[in-house]
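The values are calculated or read from the model by the stated rules, or taken from the named source; none is laboratory data. Predicted, not measured: the structure shown is a model, and the values here were computed from it. Every residue, glycine among them, receives a Cβ derived from its backbone with ideal geometry; neighbour counts consider all protein chains shown. Surface accessibility is based on the protein's heavy atoms, side chains included, excluding ligands, DNA and RNA. Shrake-Rupley method; radii C 1.70, N 1.55, O 1.52, S 1.80 Å.
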Amino acid sequence: MKNNIAKIIMVTMVVIFLGPVSCSDDFTNLEPLGSSSYENFWKTEQDAIESTNSMYYYMKDEDMFSRGFYWYINASDDMVTGRIKADADNAKNFNLTGDESSLKWMYAQCYKIIRRANDVLVNVPEMDISESLKDRLLGEAYFMRAFHYHYLAYHYGDNGINGGVPILTEENYNDEAGSYSRPTSVVENYAQIIEDLNNAAELLPLITELNSEDYGRAHKDAALAYMAKTYIYWAQYDASKYADAVIAADAVTNSGSGRALIDTDNPELDFRELHSHLNNWTSEYIWSVDSGIEDGSKLPGVVLENKGWGLYNGWGYYHPSLGLYEAFEEGDVRREVTMLKFGDEFEFFGETRRYASENSQSGFQWNKYMYEYQGENPIGVTVNANGDNPTTLYNVPILRYAEILLIKSEALIMQGQNGDAPLNAVRDRAGLLPITGATMDDLKQERRVELAGEFANRHFDLVRWGDADAVYSEPIYGRIHTDKADPDSPFTVEEIWPARPQFNPATMHVWPIPNESIDSSGIPQNTGW
C-alpha cells in the first residue's frame with residue numbers, strides 16, 4: 001500500500017510559497033519554502049493542486065498525530081507516560097506554564113494549515129481550471145480548515161471564562177497578528193466548523209469515487225463524520241445539538257459509500273485485522289493518518305517496547321494502565337488485541353514471543369499498533385527502516401465508523417431515547433451479548449474499551465462528561481513484576497501514578513495556549529494556567 005498523499009506533499013512543499021508575510025509566522029503565516037512568489041503563483045492547475053496538497057503536510061508531523069495531541073490524551077486514566085519526560089509528566093499532572101517545547105507546536109501548526117486553507121478558498125475560485133477540480137479543491141480546503149479548528153476548539157476554548165479561539169477566514173486572515181481576538185464562546189467556533197463541513201460535504205466526492213492514488217484526501221464521509229463529532233462536543237453547552245449529532249451520524253451511514261464495521265462474525269480476527277494496514281481504506285476507517293514505510297504517523301513505534309527487544313528502535317512511551325485492562329468485560333476479545341500483559345503470546349519479527357518488559361511501568365503495552373511487526377523481516381516491508389522515524393504501513397486512526405455509532409448512541413441516550421442498536425452493533429463485533437436499555441454508564445464503558453489508545457480522546461471524554469475531577473482524584477495502578485524479564489514472574493498491584501487532586505475542572509477543562517502564540521497574537525491566555 002503506497003503512502004500516497006505524503007509523497008505528493010514532500011514534492012509540493014519544495015516548490016510552493018503560500019501567503020504574503022502580514023501576520024506573525026508562528027500564528028498564521030508560513031515560512032517561504034521556495035522561489036515562487038505569491039504574485040506569480042495561483043496561475044495553473046498544478047499551482048492549485050500543489051497549494052491544496054500542502055494542507056496535508058502536518059498530518060504526519062511528529063508533533064501532531066504521532067505524539068503532539070497524544071500528550072494530552074496521555075493525561076487520562078488509561079495510560080502513563082512510560083519514560084521520564086518532563087513536559088509529558090507536567091501535562092499529566094496538570095502543571096503547565098505554556099512554555100513546554102513538546103506541547104507548543106500543535107496550536108501554531110493548526111493555524112498554519114488554516115491559513116493554507118484560506119489561501120485556497122480565496123484564490124482557487126478565480127482560477128481558470130475545470131469546475132470539477134475547483135469543487136474538489138475547495139471542498140478539501142473547507143474540510144481541512146474545519147478539521148484543524150475542531151482540534152483547536154475543545155483543546156483551548158470554552159463557553160465560559162475563556163471563550164473560543166480566534167476565527168480566521170478568507171475575510172480576515174491577512175490582518176495584523178496583534179489584531180485578532182477570541183470569540184466570547186467556543187460555540188462560535190463550532191458554528192464555523194459546521195458551516196465549513198456542510199460546504200465540504202456538498203463539494204467533496206465519496207471515497208469510493210476517488211482513484212486509489214487520491215486515498216488520504218478529504219472526502220464526503222469525513223466531513224459528515226466530523227459534523228457528528230463536533231455536535232457531540234457542542235452539545236455539552238447546548239443539548240439541542242444531540243439531535244443534530246444523530247442526524248449527522250445517520251448521514252455517514254447512509255452516504256452511499258457503504259460504511260460498516262469490519263465484522264465477519266470472527267470477533268478476535270476481525271478486531272485484530274481491523275487494527276492493521278489490511279483495513280487502511282476499508283469501510284470502518286473514515287479519517288486516519290496516511291502512513292507507510294517512508295513516512296506517516298510514528299505512533300506505532302512510539303508505543304513499542306523501548307528498543308524493541310533489541311530488534312527495532314521502539315520508543316517505549318504510553319503504557320496502558322491496570323484500570324483499562326480491568327475495564328474490559330470477561331470474554332471481550334478486544335482486550336488482548338488492545339494490550340499485552342506479561343505472558344501473552346504475540347508475533348514479532350517472525351518469532352512467537354511471550355510478553356515481558358523491562359521498560360513497562362505498568363506491566364502492559366499497547367498491542368493495537370503492533371500488527372506490522374509480525375513478519376520475519378518487516379523492516380522496509382511493513383515497517384520503516386529508520387527507527388528514528390518509526391512509521392508502519394498502518395494508517396493510524398483518528399476517526400472510525402465505530403465511534404460514529406457510539407456518538408449516535410450517546411446522543412440518543414442523552415435525549416432520553418433508546419441508543420441500544422448502535423451500541424450493540426459495536427458490542428456484537430466484539431462477540432459480546434447485547435445490552436437492553438443502555439445507559440450513559442454503558443456508553444462510557446463502551447467508548448473506553450472500543451477506542452482505547454486512539455485519538456478518539458479518553459481525556460476529553462472525561463472532561464465533557466464532567467467525570468474528570470473524580471477520575472483524576474484516584475491513583476493509577478499497574479502490575480509490577482518481580483522479574484521484568486520473566487513473563488511468568490509474579491506481580492504485585494502497585495500505584496504507578498499518584499492521584500491528581502490538582503486538577504481543577506473550572507479551569508483545566510482546557511489546556512494552556514502556547515506562550516509563543518499568545519505573544520504573537522496578543523490574545524489572552526486561558527485562565528488558571
For this session: Could you grab me the full set of residues in the range 65-93 that are open to solvent by 10 Å² or more (accessible area, probe 1.4 Å) and closer than 20 Å to residue 469 by Cα?
Result: 77, 89, 90, 93
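Quick one: how many residues across the range 272-323 are in a helix (DSSP H, G or I) and in contact with a strand residue (DSSP E or B) (Cβ under 9 Å, 6 or more places away or on another chain)?
Matching residues across the range 272-323 total 10.
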Seminar exercise, completed: Selection over the range 206-240 where residues are free of Cβ contacts under 8 Å to residues at least 12 places away in the same chain and of a type in the set (Gly, Ala, Ser) yields a count of 1
Exercise. Quick one: would you say residue 383 is in contact (Cβ under 8 Å) with a residue 12 or more places away in the chain, in contact with a helix residue (DSSP H, G or I) (Cβ under 6 Å, 6 or more places away or on another chain) and over 18 Å from residue 450 (Cβ atoms)?
Worked result: yes
For this session: Would you point out which residue out of 293, 207 is out of contact with any helix residue (DSSP H, G or I) (no Cβ under 8 Å at 6 or more places or on another chain) and open to solvent by 10 Å² or more (accessible area, probe 1.4 Å)?
Result: 293
Exercise. Do we find a residue being open to solvent by less than 50 Å² (accessible area, probe 1.4 Å) and farther than 14 Å from residue 372 by Cβ anywhere in the range 307-315?
Worked result: yes
Seminar exercise, completed: Those helices (runs of 4 or more DSSP H) completely within the range 44-101 that have 2 or more residues that are over 30 Å from residue 140 (Cβ atoms) and of a type in the set (Asp, Glu) are 86-92
For this session: Would you mind finding the one in 189, 266 that is polar (S, T, N, Q) and without any contact (Cβ under 8 Å) to a residue 12 or more places away in the chain?
Result: 266
Seminar exercise, completed: Only one of (1) closer than 23 Å to residue 325 by Cβ; (2) among the polar types (S, T, N, Q); (3) open to solvent by 20 Å² or more (accessible area, probe 1.4 Å) does not apply to residue 489, and that is (3)
For this session: Looking at (1) within 23 Å of residue 80 (Cα to Cα); (2) surrounded by fewer than 24 Cβ atoms within 10 Å (Cβ to Cβ); (3) touching a helix residue (DSSP H, G or I) at 6+ places or on another chain (Cβ under 7 Å), find the lone condition where residue 396 falls short.
Result: (2)
Exercise. Any chance the range 472-490 includes a residue that's in contact (Cβ under 8 Å) with a residue 40 or more places away in the chain, over 24 Å from residue 337 (Cβ atoms) and part of a helix (DSSP H, G or I)?
Worked result: yes
Problem set entry | Exclusive hit being over 30 Å from residue 51 (Cβ atoms), open to solvent by less than 10 Å² (accessible area, probe 1.4 Å) and in contact with a Lys or Arg (Cβ under 8 Å, 6 or more places away or on another chain), set 228, 235 | 235
For this session: Quick one: in the range 454-497, of everything that is polar (S, T, N, Q) and out of contact with any Pro (no Cβ under 8 Å at 6 or more places or on another chain), which residue is farthest from residue 82 (Cα to Cα)?
Result: 489
For this session: Go through the range 256-282 and count every residue that is open to solvent by 30 Å² or more (accessible area, probe 1.4 Å) and among the small types (Gly, Ala, Ser).
Result: 3
Problem set entry | Yes/no for residue 329 being without any contact (Cβ under 8 Å) to a residue 12 or more places away in the chain, more than 29 Å from residue 61 (Cα to Cα) and either in contact with a Ser or Thr (Cβ under 8 Å, 6 or more places away or on another chain) or open to solvent by 20 Å² or more (accessible area, probe 1.4 Å) (or both) | no
For this session: Find the residue count for the range 401-441, including only residues that are in a helix (DSSP H, G or I) and surrounded by fewer than 19 Cβ atoms within 10 Å (Cβ to Cβ).
Result: 5
For this session: Sort through 108, 117 and tell me the only one that's under 24 Å from the mean Cα position of the chain (by Cα), surrounded by fewer than 24 Cβ atoms within 10 Å (Cβ to Cβ) and in a helix (DSSP H, G or I).
Result: 108
For this session: Provide a single number: the residues in the range 343-383 that are in a loop (DSSP other than H, G, I, E, B), aromatic (Phe, Trp, Tyr) and within 27 Å of the chain's Cα centre (by Cα).
Result: 1
Seminar exercise, completed: Here the residues within the range 332-364 that are surrounded by fewer than 19 Cβ atoms within 10 Å (Cβ to Cβ), of a type outside the set (Gly, Ala, Ser) and under 28 Å from residue 432 (Cβ atoms) are 336, 344, 345, 346, 347, 352, 354
For this session: For residue 482, work out the one condition from (1) at pLDDT below 95; (2) open to solvent by 30 Å² or more (accessible area, probe 1.4 Å) it doesn't fulfil.
Result: (1)
